[in-house]
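Worksheet: one structure, shown below.
Read-outs: derived from the displayed coordinates by stated rules, not from any lab. All of these numbers come straight from a predicted model, not from anything done at the bench. Neighbour counts run over all protein chains shown; Cβ positions are idealised from the backbone, glycine included.
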Amino acid sequence: MASLIEDLITTLEEEKQCYNRLLTIGQSKTEIIIKGDISALNELTKEEQQMASRVLRIDKIREEIINDIALVTNKNIDELTINNLAVLLAKQEKEHNHLNNLRDNIREVVESLQVINDRNKVLLKESLEYIDFTMNAVQSESYMTNSNYEAQGNIYNSQDARRFFDAKQ
């Protein structure tokens, strides 16, 4: 069982590092969204997706370790949370404290990550609304200035020829 606990702690450490990197990426994304640097945002999003995939792989490994611990301890897998494992390891002070610290650190990072992701979501939404507003303003400006009279006195409107794109599609 000791090796399983060591494997679990190693896996949780790696998961914590991934979440910390995702937090750093999220903070960088905030600055990039504010600057409006689309190419940098694309690159950071690719790195974020790779890190999220890595977290999923680590999470599967953690679940396998928890399954093995459940078999060894003859406990229900649904009951084997980090809190309950820490209680089981109360006599092994080092592992007990390490699991509690990891749990607290991961929870803190994930909560911070959620706040930053929510902020980035709002910033992106505002940016898209601004772009939509700007495009509508350009199109209405184009409509207002494109009405010209032909030689016969008829109104010539070249709006359809100058439209950038159909925003309704």
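Data for the structure
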quantity	calculated
Selection within the stretch 17-70 - part of a helix (DSSP H, G or I), in contact (Cβ under 8 Å) with a residue 60 or more places away in the chain and not polar (S, T, N, Q)	TYR19, LEU22, LEU23, GLY26, LYS29, ILE33, ILE34, ILE65, ASP68, ILE69
Any chance ILE38 is surrounded by 14 or more Cβ atoms within 10 Å (Cβ to Cβ) and more than 15 Å from LEU8 (Cα to Cα)	no
Number of positions in the stretch 1-35 that are of a type in the set (Gly, Ala, Ser) and surrounded by 13 or more Cβ atoms within 10 Å (Cβ to Cβ)	2
Tally, over the stretch 44-56, of residues that are more than 11 Å from CYS18 (Cα to Cα) and either acidic (Asp, Glu) or exposed (fewer than 12 other Cβ atoms within 10 Å of the Cβ) (or both)	3
Single match in SER3, SER28 (criterion: closer than 22 Å to GLU108 by Cβ and polar (S, T, N, Q))	SER28
